[in-house]
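Step one of this worksheet: look at the structure below.
The values are calculated or read from the model by the stated rules, or taken from the named source; none is laboratory data. Owing to the predicted nature of the structure, the values given are computational and were not obtained by experimental measurement. Using ideal geometry, Cβ is built from the backbone for each residue, glycine included, and neighbour counts are taken over all protein chains shown. Protein only, heavy atoms only, side chains kept; ligands, DNA and RNA dropped before computing areas. Shrake-Rupley method; radii C 1.70, N 1.55, O 1.52, S 1.80 Å.
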Amino acid sequence: MRATADRTVPQGPGSPRPWTGLACALALAGFSGGARAAGTPPAAASGIPAAASGIDDVDPWSLVRVDVPDLPDAICTSETGSVLLEPPLDLPWRVEELGVPQVYDLSADDPAMAGSSTESSTESSTESSTGASSTGEEGDALEGVGNQVAWEGEAAMHVAAWHDAGFDGSYPDGSGVKVAVFDIQWWGTELVPDELVEFRTHDCFAHRSCEVPIDTLNPRFSWELGSHGLACAQIISDLAPGVELHLVKVAGVTSLENAVDWAIREGIDVVSMSMSFFNNSFYDGGGPVSALMDRLEAGGVLMVTSAGNYADQHWRGRFSDRDGDGFHEFFSDRVTLPIYMHAGVQRVQMIWDDFDACGRTDLDAWLLDGDGDVLGHSARRQVAGDGGCTPVERVRAELPADGWYYFAVERHAGRPDAELDVLTRDGEVWHGIAAGSVTDPGAHPAVLTVGAVRAAGYATNGPEFFSSVGPTNGGVDKPDVAGPDGISTTVYGPSGFYGTSAATPSVAAAVAIIMSSEPGIDAFEAAARLRGHVLSDRNGWQSADPALGAGRVRLTSPVAAASAGCATATPAPAAPGRWLLLLVAAGWRRRRTPACGPAGRLPAAPTRPGALP
């Protein structure tokens, strides 16, 4: 979300101190710690049947990982560990973080966008407009109709010219390239098979072999409700329709391990994963997720992944306690960090630089309202030598209303100068720090990390205001490149797929196109050549842009130039389902062949609301 100009920051606890200290406020609140309150389920994704039953409402932070495979009660297992619904009594454990899709909900920023960009919306216009003939800014015009899936990405990245450039009916469309989409949400994929190229599915959560097909109509857990992966796969199907496509269910680190091993065995060329993994490292190229990226690289598989949508939801700095009261001073006159968040269950997480020696510092985290009342508290002990020790505190709270809330950090023991990294899953951090907001696996040096640029006006736009910014906490320049968002899919509606989630499959498709244009090169060589297919505002001797990397991906004119002919897309057949399929019934479908018709013009980007005072 973005704060409006009239949204002022209330004093709140931790402001210039009219009270005796935050510790006093906590004591007055009568907080004694203990179990977290039961959570409410996330909003159901578009297309989920209203009568869906048998769904386990499991809070994502309640899953635990034990480094012992094949435990009897495991809901997921790999070669090195098991995932359980509850912590075991006799084994070290840590939280099994689930991957988080990086779709951005612009309806929280602009009421006019409501319902157009979020999976939780159950209402959507079924009308799709055909683009009127127009000319305009470079990157806005498209030879085709304006109601095709992913037409914005095709225009922004100059893909159609490559599709039309082959000889004898063959053209660089990703043919011969194996692409896998890793994702946690695949609801309804079976209902729209015509919206994708031919594909196979693999459930790496259900079985370590990944040979079990995904049951896309009967998800077990509430966090599987959604069609995010389907939207990503639609973009690849439209931009690179010649690829061999694999759809892979990945939930947490354990199933990611299975998926990585499967991808290497299968000889996958490119993985597209529009998810972020949190709290497994200091986002510096270390930790279990980065170890899996090392394994992918060694196996010759390129990971194309999202940078994240956290540029304005992040803060980083060293612990400072000049007055010795035990609480970190975020600012010279404030021991709390104001965060504007929406009503409902929200999460704020903090990590610090003890992943290589957990237990050197023991910190606690608090979330308070404007009156100093405690809404959430995390005080897991960090003890050296504890097999389950992690330098992480996770605060989960059910917020009563939209508004300002206050995050506080208390040092319980250990060194006084730990480097802190705070990230909220919702809202906006007051005076946040965008640098270092790239998460795993995007922080890994060997993956192709993608930022987001609005497709409307792509050639001259800067990064999306939410697109995560480098360098990483390990000093690596990320993202590597940027791709278009604001993409049309049957999942998110016309021009409704925003975030680095949408940009990532667009760039993965571009890598596949380059590979098919030069048979014999591998995905890493294609990714290196992709840096020569960018629009950049910087000179060659300047360092990479911290939000755009080398620049906005836009394929230069191909050497081969031959017409592939014109064809008219046929209407989509009737298909079952709810709002996920409404646009299909209205004529929205993927573009299978080059089409002739009036040029479509991208919709104007909504004005960004005012910044915080």
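Numbers at a glance
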{"read-out": "Selection count where residues are open to solvent by 30 Å² or more (accessible area, probe 1.4 Å), part of a loop (DSSP other than H, G, I, E, B) and small (Gly, Ala, Ser), scope the range 410-433", "value": "1"}
{"read-out": "Residue check for Ser255: within 20 Å of Val83 (Cβ to Cβ), touching a strand residue (DSSP E or B) at 6+ places or on another chain (Cβ under 8 Å), among the hydroxyl-bearing types (Ser, Thr, Tyr) and part of a loop (DSSP other than H, G, I, E, B)", "value": "no"}
{"read-out": "Filtered residue count, the range 299-334, keeping only those that are closer than 30 Å to Ala509 by Cα and either among the polar types (S, T, N, Q) or free of Cβ contacts under 8 Å to residues at least 12 places away in the same chain (or both)", "value": "4"}
{"read-out": "Residue in the range 307-318 that is open to solvent by 20 Å² or more (accessible area, probe 1.4 Å) and not in a strand (DSSP E or B) present", "value": "no"}
{"read-out": "Pick from the range 548-560, criterion open to solvent by less than 60 Å² (accessible area, probe 1.4 Å) and modelled with pLDDT under 90, ranking: farthest from Val447 (Cα to Cα)", "value": "Ala560"}
{"read-out": "Residue count, the range 196-206 (criterion: surrounded by 14 or more Cβ atoms within 10 Å (Cβ to Cβ) and assigned to a loop (DSSP other than H, G, I, E, B))", "value": "5"}
{"read-out": "Long-range neighbours under 7 Å by Cβ, at least six apart or interchain, first residue without any contact (Cβ under 8 Å) to a residue 60 or more places away in the chain within the range 207-221, second surrounded by 15 or more Cβ atoms within 10 Å (Cβ to Cβ) and β-branched (Val, Ile, Thr)", "value": "Cys210/Val248; Pro213/Thr201; Ile214/Thr201; Thr216/Thr189"}
{"read-out": "Complete set of residues in the range 501-522 that are in a loop (DSSP other than H, G, I, E, B) and open to solvent by less than 30 Å² (accessible area, probe 1.4 Å)", "value": "Ile521"}
{"read-out": "Residue list for the range 72-107, restricted to those being assigned to a strand (DSSP E or B) and not small (Gly, Ala, Ser)", "value": "Cys76, Thr77, Val83, Leu84, Arg94, Val95, Leu98, Val100, Pro101"}
{"read-out": "Count - residues of the range 448-488 that are touching a Leu at 6+ places or on another chain (Cβ under 8 Å) and of a type in the set (Val, Ile, Thr)", "value": "2"}
{"read-out": "Test result for Gly242, open to solvent by less than 20 Å² (accessible area, probe 1.4 Å) and in a loop (DSSP other than H, G, I, E, B)", "value": "no"}
{"read-out": "Subset of the range 281-295 [under 16 Å from the mean Cα position of the chain (by Cα) and over 20 Å from Val469 (Cβ atoms)]", "value": "none"}
{"read-out": "Positions within the range 330-362 being assigned to a loop (DSSP other than H, G, I, E, B) and either open to solvent by 20 Å² or more (accessible area, probe 1.4 Å) or hydroxyl-bearing (Ser, Thr, Tyr) (or both), in sequence order", "value": "Ser332, Asp333, Thr336, His342, Ala343, Asp353, Phe355, Asp356, Ala357, Cys358, Gly359, Arg360"}
{"read-out": "Exclusive hit being open to solvent by less than 10 Å² (accessible area, probe 1.4 Å) and in a loop (DSSP other than H, G, I, E, B), set Pro484, Pro471, Pro479, Pro445", "value": "Pro479"}
{"read-out": "Test: residue in the range 262-271 that is surrounded by fewer than 23 Cβ atoms within 10 Å (Cβ to Cβ), of a type in the set (Phe, Trp, Tyr) and in contact (Cβ under 8 Å) with a residue 60 or more places away in the chain", "value": "yes"}
{"read-out": "Which numbered condition Ser209 fails, given (1) on the phi > 0 side of the Ramachandran plot; (2) open to solvent by 10 Å² or more (accessible area, probe 1.4 Å); (3) in contact with a helix residue (DSSP H, G or I) (Cβ under 8 Å, 6 or more places away or on another chain)", "value": "(1)"}
{"read-out": "Criterion violated by Ala259 - all others in (1) touching a Gly at 6+ places or on another chain (Cβ under 8 Å); (2) under 20 Å from Pro288 (Cα atoms) satisfied", "value": "(1)"}
{"read-out": "Residues satisfying the stated conditions in the range 448-468, i.e. surrounded by 24 or more Cβ atoms within 10 Å (Cβ to Cβ) and of a type in the set (Val, Ile, Thr)", "value": "Thr449, Val450, Val453"}
